[in-house]
Amino acid sequence: MANVIVVGAQWGDEGKAKITDLLSKSADYIVRYQGGSNAGHTVVVDGETYKFHLIPSGILYENKICVIGPGTVIDPKILIQEIEDLKTRNIAVKGLKVSTAAHVTMPYHLAIDQAEDRGRGNKKIGTTGRGIGPTYADKADRCGIRMSDLIEAKELEEKVNWLVPRKNVILERLYSLPPEDPKKVFEEYREYGEKLKSFVADTSALIFDAIKNKKNILFEGAQGTLLDLDHGTYPYVTSSNPVAGGACIGAGIGPTSIDRVIGVSKAFTTRVGEGPFPTEVFGREADELRATGTAWAEFGTTTGRPRRVGWLDLVLLRYAVRVNGLDCLALTKIDVLDNLDEINICVAYEDSLTGAKYYDLPLASGIFKRVKPIYETLKGWKTSTNKCRASNELAPNAQKYMDRIQEILEIPIAIVSVGHKRHHTIIIEDPIHGPKRVLQKG
Ligand code: IMP
């Protein structure tokens, strides 16, 4: 029995979907604990591509309970589309449970998110436009609509009649946007509530019972560590907590129930949206890392935007090991580096103004935006890793690349992904039951 958190160790899009898909096989429950339809998870099974925004990809296995937890925000329209899409592809959705406490993204959240980010000009965050920030803001401001309200017509009507006129003031006066009609909003969302009613449950109680019954639970974060509201590269972050600590709050369980934390990182770095990115590359180098034209191509699942790409940043990963308490790492997309003559890894930063060196993420955003990467350059392996199924089948230089990463991060790489399909995977050590990381003194 093991309860495991899988967390993105970079700016999201690390290939978590593939790793959670792999680990979901031995899990009984798969729990999504934060974020909303800003997330995009792509899983390829038997040549079929599935794209998920809200539903845990574990739904593709039979007889799993897939939970969308209280820490998430839900656009009901998108959730219903996802459920319908799975049904038409003959995937059973009876195991799907949605928390009564999850907050609902309303049409005014979408409008405000998009208008607000546009209005920031050169300070824009580059949000996904899915209403995430405003939904979490209303939650914190205690004027959100929760799933428990969505499925109770009277509660929903009361809240919509209270909130929509207030939001209309913002839409009209601040953003010169058309107002919403409370009656129409109520009718539309009441219908969504009806469609989703059978999935809504007290998921915290459900998970507690599962823990008591020694079930295996996989907690999956959307986004990544550096997009965390408290621990990421603020203000260029999302509005929730993808870090491992967020799993307890976002699922409604205590930290004593967690056995292991697995971080997922690409073998290089990507980011979508705005914000400093010290190891970012451009031009031909970027085209190689972006793998344009392949199934691995770096374009956002939710927005279709080309992702920004750069070398592996071990300063950021070291930070991710610390704030998540990672036990081991799953390294994805190593095959993207197959053709390179030389590969850079960033081992420290230098402040371009003061010359100070940083081995850990400087949290002051003023410093972070002017640091320059200090690289170590390793020799490429110039051979395909795609067919390797054991670590000793990897070229010596690929092994050296991984050894150096492990040495700097002081955690083992347990899984390596060498392609986008399920079987393009090397398990180096059991990521769930393998040796746990023990902090060394000094
Ligand atoms: P929001 O979550 O839509 O508010 O966007 C805030 C920031 O997080 C933007 O830079 C987005 O591009 C980024 N972001 C949100 N979700 C994801 C994701 O699933 N992968 C990568 N970046 C994301």
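The values are calculated or read from the model by the stated rules, or taken from the named source; none is laboratory data. Model, not experiment: these values are computed from the prediction. Here the Cβ positions follow ideal geometry from the backbone for every residue, glycine too, while neighbour counts run over all protein chains shown. For the accessible areas, the whole protein counts, side chains as well, though only heavy atoms, and no ligand, DNA or RNA atoms are used. Shrake-Rupley method; radii C 1.70, N 1.55, O 1.52, S 1.80 Å.
Looking at the stretch 281-291 only, could you name the residues that are assigned to a loop (DSSP other than H, G, I, E, B) and either more than 16 Å from residue 266 (Cα to Cα) or charged (D, E, K, R) (or both)?
Of the residues in the stretch 281-291, the ones assigned to a loop (DSSP other than H, G, I, E, B) are 281-282, 291.
Matches in the stretch 281-291: 282 only.
Go through 281, 264 for me and flag whichever is closer than 22 Å to residue 302 by Cα, in contact (Cβ under 8 Å) with a residue 24 or more places away in the chain, open to solvent by less than 40 Å² (accessible area, probe 1.4 Å) and assigned by TED's automatic domain parsing to the domain that holds residue 18.
Numbers: 281 fails: closer than 22 Å to residue 302 by Cα.
Matching residue, one of 281, 264: 264.
Among all residue pairs at least 6 apart or on different chains, which show Cβ distances below 8 Å where the first residue, located in the stretch 38-50, is open to solvent by 70 Å² or more (accessible area, probe 1.4 Å) and the second is away from the ligand (no atom under 14 Å from the Cβ)?
48/89
Could you please find all residues in the stretch 89-122 being of a type in the set (D, E, K, R), within 13 Å of the ligand (Cβ to nearest atom) and touching a residue at least 12 places away in the same chain (Cβ under 8 Å)?
So the first thing to find is which residues in the stretch 89-122 are of a type in the set (D, E, K, R), and the list is 89, 94, 97, 113, 116-118, 120.
With the extra rule that they be within 13 Å of the ligand (Cβ to nearest atom), the set shrinks to 113, 116-117, 120.
Residues satisfying the conditions are 113, 116, 117.
Which is assigned to a helix (DSSP H, G or I), open to solvent by 30 Å² or more (accessible area, probe 1.4 Å), polar (S, T, N, Q) and farther than 18 Å from residue 334 by Cβ, of 301, 256? Let's see the steps before the verdict.
On the way: 301 fails: assigned to a helix (DSSP H, G or I).
One residue alone meets the criteria, 256.
Does residue 320 satisfy the condition of being surrounded by 15 or more Cβ atoms within 10 Å (Cβ to Cβ), farther than 19 Å from residue 413 by Cβ, of a type in the set (Gly, Ala, Ser) and in the same structural domain as residue 276 (by TED's automatic domain parsing)? Step through it out loud before you land on a result.
On the way: surrounded by 15 or more Cβ atoms within 10 Å (Cβ to Cβ): yes; farther than 19 Å from residue 413 by Cβ: no; of a type in the set (Gly, Ala, Ser): yes; in the same structural domain as residue 276 (by TED's automatic domain parsing): yes.
Answer is no for this residue.
Every residue, every condition in (1) out of contact with any His (no Cβ under 8 Å at 6 or more places or on another chain); (2) part of a helix (DSSP H, G or I); (3) buried (at least 21 other Cβ atoms within 10 Å of the Cβ), yes or no:
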residue: 117; (1), (2), (3): yes, yes, no
residue: 122; (1), (2), (3): yes, yes, no
residue: 129; (1), (2), (3): yes, no, no
residue: 134; (1), (2), (3): no, yes, yes
residue: 143; (1), (2), (3): yes, no, no
residue: 148; (1), (2), (3): yes, yes, no
residue: 154; (1), (2), (3): yes, yes, no
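Which number in (1) within 16 Å of the ligand (Cβ to nearest atom); (2) touching a residue at least 40 places away in the same chain (Cβ under 8 Å) marks the one condition that residue 82 misses?
For residue 82, the exception is condition (2).
How many residues are away from the ligand (no atom under 16 Å from the Cβ), in a strand (DSSP E or B) and not basic (Lys, Arg) when one looks only at the stretch 259-280?
So the answer is 2.
Checking residue 222 against (1) in a loop (DSSP other than H, G, I, E, B); (2) in contact (Cβ under 8 Å) with a residue 60 or more places away in the chain; (3) open to solvent by 30 Å² or more (accessible area, probe 1.4 Å): exactly one of these is not met. Which one?
(3)
Run residue 330 past the list (1) in contact with a strand residue (DSSP E or B) (Cβ under 7 Å, 6 or more places away or on another chain); (2) open to solvent by less than 10 Å² (accessible area, probe 1.4 Å); (3) away from the ligand (no atom under 16 Å from the Cβ); (4) more than 18 Å from residue 42 (Cβ to Cβ) and report the number of the one that doesn't hold.
That leaves (4) as the condition not met.
Can you tell which of 292, 270 is open to solvent by 10 Å² or more (accessible area, probe 1.4 Å) and among the hydroxyl-bearing types (Ser, Thr, Tyr)? Steps first, answer last, please.
Numbers: 270 fails: open to solvent by 10 Å² or more (accessible area, probe 1.4 Å).
The unique qualifying residue is 292.
From the list 77, 87, 139, 97, pick out the single residue that is modelled with pLDDT of 95 or more and outside any helix (DSSP H, G or I).
Values: 77 fails: outside any helix (DSSP H, G or I); 87 fails: outside any helix (DSSP H, G or I); 139 fails: outside any helix (DSSP H, G or I).
It is 97.
Identify all residues within the stretch 127-161 that are within 18 Å of residue 53 (Cβ to Cβ), in contact with a strand residue (DSSP E or B) (Cβ under 9 Å, 6 or more places away or on another chain) and among the small types (Gly, Ala, Ser); write none if there are none.
Within the stretch 127-161, 131 is the sole residue that qualifies.
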